[in-house]
Amino acid sequence: MEERYMDEPSSMFAACGSNPEAVLTAVANRYVGHNPPHPMTCRAFCADGILKKHDYSYDFNLAERFPGMDNGEHIYAWSKLWSDQPAPMSFILHCYGPLQFWVNGIPFYKASIVDEQNDKRRIGVTVELQQGWNHLVLDFTKTEAGCGGSFGPGSYKSRPVHVLAPTPERSGHEGWIFTGPMRKLPQPPGPGLDESAGIVWHPRLDWGAQRTAPAMARIFGGLSGRRAIAWTRLVSTLPAGTQAELRGRAYSPAELYVDGAKAAEIPEGPFAVPVALDWGRHDLVVRCASDKENWGFAWEEPQAGIALEMPFPVQGSRDAWLYAGPFAAEEPLPSVSGMPYELIPAKEGDTYWRLDQPHTWVRLFGENALFGKWNYPLGVTLYGLLQAGTLLKRQDLLDYVRRHVESCTRLYRYAIWDRDRFGAAGVLNTMATLDSLDDCGSFGATMLLLLQDCSLAGADELAELIGDYIGRVQYRLPTGALFRKSRNPDWVHETVWCDDLYMSVPFLCRYYMRTGDQRYLDDAANQFIQFRKLMYMPEQQIMSHVYVVTLGKATRVPWGRGNGWVLFSLSELLAAMPEKHSRREELLRFFRELCHGYLRLQGSNGLWHQVLTDHESYEETSCTSMFLYAFARGIRFGWLEETLPYVDAVRKAWNGMTQISIDRLGNVYGVCRGSGYSFNADYYKDELPWLLNDTHGIGIVLLAGIEVLQLEKHLGNTGYGKVAGQAE
């Protein structure tokens, strides 16, 4: 299929030729500009609401929640979900009884008799979300079979979903609201309805009889001599050094701290504490003892020139205070400097912040499209940005990568706590549900590369965890080859994928360099030996994408990116492997064989194709980048014995990409979306379309450009045309 992804005047080549530095700059700038380093989102969440299961599905076990419910009664659950643009989204339903699903006021799905009597039946539905808010309603009916169901994302690893409460009274809260048992409504609830319309919604928002108690007593109940803290931020517009007075009432002994320093010990009763405040923001922490039923404090409106604000933004908060506890009386005051990304340590178990609302916690959610996420395509994207920042001497790119990675590593302990308390973590979902190489190897390899030059909060623990997972936990064949067992019951369970060479080998190589433990390097080498036995097609000198263990055969479909992962990862291994390693010569021969095979399949425009042997399939950018990358390294490091054909192939590939795959704004075209596998080549050709600016390709495009620059330097040329002339 010979076609352009853009008009020629829009291409990078038309703007600045095939200049690698210009391409690296444009692609990196576009990516960072479109994915700014926004923080995680903090939201209110009521623990009495609907919790999630391990697979990120909301579990509506309503028969247990309302045991006295009569047959024929209904319960309605309502939420809203935002979409930046019209887009399809897949969901999975399980029915514990009759269920109807409404989307934006339109009936979308109704359980069949078979569905409602089999809670193991997996029902897939795809919703065409509209741009903006989408209102989702589940209508559950009680029968002898039960009542309720579960509702979750089609792929919780790649697209975990969290919904928001739809009424103005709970604006910013995460989760569903739901009715008690009631008669069938004439129409489902929807936009414009608030909670004063005669329906009682759960979880309840009011404190009931507790509403007159001090906030700490409401939130924590009796703590038998232990303590709790409250935190807010004072915003002063007063001149520096102005003496201000902080007023309120203590219902039990308390201590007041300003910017970490104790400002006063407060006995029970009214208080007025003088403090000197500079202009700006100041942390205010109140620690209270709980030696009676009504304990805690109440705060008076501060004087003119001082205001209170939430210490960090929390969607759904009603006031400016956060609360945490319980703490033992002898425990030191917890530091608030690392918030909101860290748990609060306590002798009775780590904890986190709460709000003055019934059973309501602050929770973190990863709502950025890409920044702060941990997944395997982002692992290679950040690898490319990191290397581009180093080569271009761009400290801003290096800082961006570090901020992204550390925003993940420092959240691991919080994510596990959040998962254990609420069923599924709102952040770092792949590591919180670690059960595959995709979850850890690629991103972990980039993390290890960063650790060579700097420290990252939480990264040491994660490096050890990933090393143990790949080395000891991940499924293996008797030969030691890594393989997969599918979570999807509709798929074949035991398979070996070319992709997993990238999901494992770069991490193993860098973990070997970090620990000095030869086992990790030997394991990486063995993966190539074993994968070659299962998937190498010697007549073409290329690889099948997948080997199905239960069938004892390979698919014999040479998917472009799958083969790209193989050669790319083999170049990473050879670069890390000592010259005298016992497997090195065997792996060098394999590298050369693969290069011969891929060289023969390069397309006329310089790019390789989605199905390598089918030039009617589209020209695919990520595999082209990986072949280019490995060829250039093979030339530079002396792994290839005959270099001139490969120099020419690199030139053709890079020129082709700048003319066909990369536009003048740094957009990257022609990258295949994430894949499954098939024995049928038409699946790859027709059912796996390319995506614009997909993270499976951006990082490797950057790495390819870096290798072009390195190759130019190696060959002693200042212009790429001279390299091409040399090859000719």
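The values are calculated or read from the model by the stated rules, or taken from the named source; none is laboratory data. As the structure is a prediction and not an experimental result, all values here were calculated from the model. Cβ coordinates were reconstructed from backbone atoms using ideal geometry, including for glycine residues, and neighbour counts include every protein chain displayed. What goes into the accessible areas is simple: the full protein's heavy atoms, side chains included, and nothing from ligands, DNA or RNA. Shrake-Rupley method; radii C 1.70, N 1.55, O 1.52, S 1.80 Å.
With the condition kept exactly as written, say whether any residue in the range 89-97 is of a type in the set (A, V, I, L, M) and over 19 Å from ILE177 (Cα atoms). Give the derivation first.
Pass one, the range 89-97, residues of a type in the set (A, V, I, L, M): 89, 92-93.
Filter once more, keeping what is over 19 Å from ILE177 (Cα atoms): 89, 92.
Yes: one or more hits.
Looking at the range 248-267, can you tell me whether even one residue there is touching a residue at least 12 places away in the same chain (Cβ under 8 Å), closer than 16 Å to TRP353 by Cβ, open to solvent by 30 Å² or more (accessible area, probe 1.4 Å) and part of a strand (DSSP E or B)? Reasoning before the result, please.
First, the residues of the range 248-267 that are touching a residue at least 12 places away in the same chain (Cβ under 8 Å): 248-260, 263, 265-267.
In the following step, the residues that additionally are closer than 16 Å to TRP353 by Cβ were identified as none.
For the range 248-267, residues touching a residue at least 12 places away in the same chain (Cβ under 8 Å), closer than 16 Å to TRP353 by Cβ, open to solvent by 30 Å² or more (accessible area, probe 1.4 Å) and part of a strand (DSSP E or B): absent.
ALA320 meets the conditions (1) assigned to a loop (DSSP other than H, G, I, E, B); (2) closer than 26 Å to VAL161 by Cα; (3) open to solvent by less than 20 Å² (accessible area, probe 1.4 Å) in every case but one. The failed one is (2). Output the residue which, of all residues in the range 529-547 that are part of a strand (DSSP E or B) and of a type in the set (Val, Ile, Thr), is farthest from ARG583 (Cα to Cα). So the residue we want is VAL546.
Condition (residue is charged (D, E, K, R) and within 25 Å of ASP206 (Cα to Cα)) applied to the range 244-256: is it met by at least one residue? Spell out the reasoning first.
Of all residues in the range 244-256, those charged (D, E, K, R) come to 245, 247, 249, 255.
Right, trim to within 25 Å of ASP206 (Cα to Cα) and you get 249.
Checked the range 244-256: at least one residue is charged (D, E, K, R) and within 25 Å of ASP206 (Cα to Cα).
Evaluate the range 11-30: report whether one residue or more is in a strand (DSSP E or B) and among the aromatic types (Phe, Trp, Tyr). No, the range 11-30 contains no residue that is in a strand (DSSP E or B) and among the aromatic types (Phe, Trp, Tyr). The set of residues in the range 558-597 being within 29 Å of the chain's Cα centre (by Cα), over 18 Å from SER622 (Cα atoms) and open to solvent by 10 Å² or more (accessible area, probe 1.4 Å) consists of ALA576 alone. For the range 158-169, filtered to residues that are more than 30 Å from SER436 (Cα to Cα) and either in contact with a strand residue (DSSP E or B) (Cβ under 7 Å, 6 or more places away or on another chain) or of a type in the set (Asp, Glu) (or both), the residue that is most open to solvent (accessible area, probe 1.4 Å) is GLU169.
Restricting attention to the range 159-182, which residues are part of a loop (DSSP other than H, G, I, E, B), under 22 Å from PHE91 (Cα atoms) and either touching an Asp or Glu at 6+ places or on another chain (Cβ under 9 Å) or at pLDDT below 95 (or both)?
Filtering the range 159-182 down to residues part of a loop (DSSP other than H, G, I, E, B) leaves 159-163, 165-167, 171-173, 175-176, 180-181.
Right, trim to under 22 Å from PHE91 (Cα atoms) and you get 159-163, 165-166, 173, 175-176.
Hits for the range 159-182 are ARG159, PRO160, VAL161, HIS162, VAL163, ALA165.
For the range 209-228, a tally of residues being assigned to a helix (DSSP H, G or I) and open to solvent by less than 20 Å² (accessible area, probe 1.4 Å) returns 4.
Tell me which strands (runs of 3 or more DSSP E) are completely within the range 42-156 and hold 3 or more residues being open to solvent by 30 Å² or more (accessible area, probe 1.4 Å), or say none if there are none. Even if it seems obvious, please write down each step before you answer.
Numbers: elements: 58-61, 74-83, 87-95, 99-103, 106-110, 123-129, 132-141, 148-153.
Correct list: 87-95, 106-110, 123-129.
When the range 90-101 is filtered for residues that are within 22 Å of ASN71 (Cβ to Cβ) and of a type in the set (A, V, I, L, M, F, W, C), the ones remaining, listed by number, are LEU93, CYS95, LEU99, PHE101.
Taking each residue of the range 395-415 that is over 22 Å from LEU434 (Cβ atoms) and looking for partners that are outside any helix (DSSP H, G or I) and of a type in the set (S, T, N, Q) with beta-carbon atoms closer than 6 Å, six or more apart or interchain, yields nothing.
Here VAL496 meets the list (1) more than 24 Å from ARG413 (Cβ to Cβ); (2) in a helix (DSSP H, G or I); (3) open to solvent by less than 30 Å² (accessible area, probe 1.4 Å) almost entirely, failing just condition (2).
A residue that is open to solvent by 20 Å² or more (accessible area, probe 1.4 Å), assigned to a loop (DSSP other than H, G, I, E, B), touching a residue at least 24 places away in the same chain (Cβ under 8 Å) and touching a helix residue (DSSP H, G or I) at 6+ places or on another chain (Cβ under 8 Å) cannot be found anywhere in the range 642-662.
Return yes or no: is TYR669 out of contact with any helix residue (DSSP H, G or I) (no Cβ under 6 Å at 6 or more places or on another chain), open to solvent by less than 30 Å² (accessible area, probe 1.4 Å) and within 12 Å of GLU620 (Cα to Cα)? No: the conditions fail for TYR669. Yes or no: the range 615-622 includes at least one residue that is in a strand (DSSP E or B), among the aromatic types (Phe, Trp, Tyr) and in contact with a Cys (Cβ under 7 Å, 6 or more places away or on another chain). No, because not a single residue in the range 615-622 is in a strand (DSSP E or B), among the aromatic types (Phe, Trp, Tyr) and in contact with a Cys (Cβ under 7 Å, 6 or more places away or on another chain). Among the residues making up the range 429-456, those that are hydrophobic (A, V, I, L, M, F, W, C) and either without any contact (Cβ under 8 Å) to a residue 24 or more places away in the chain or part of a loop (DSSP other than H, G, I, E, B) (or both) are ALA432, LEU434, CYS454, LEU456. For the range 229-247, filtered to residues that are in a loop (DSSP other than H, G, I, E, B) and out of contact with any Phe, Trp or Tyr (no Cβ under 6 Å at 6 or more places or on another chain), the residue that is modelled with the lowest pLDDT is GLY241.
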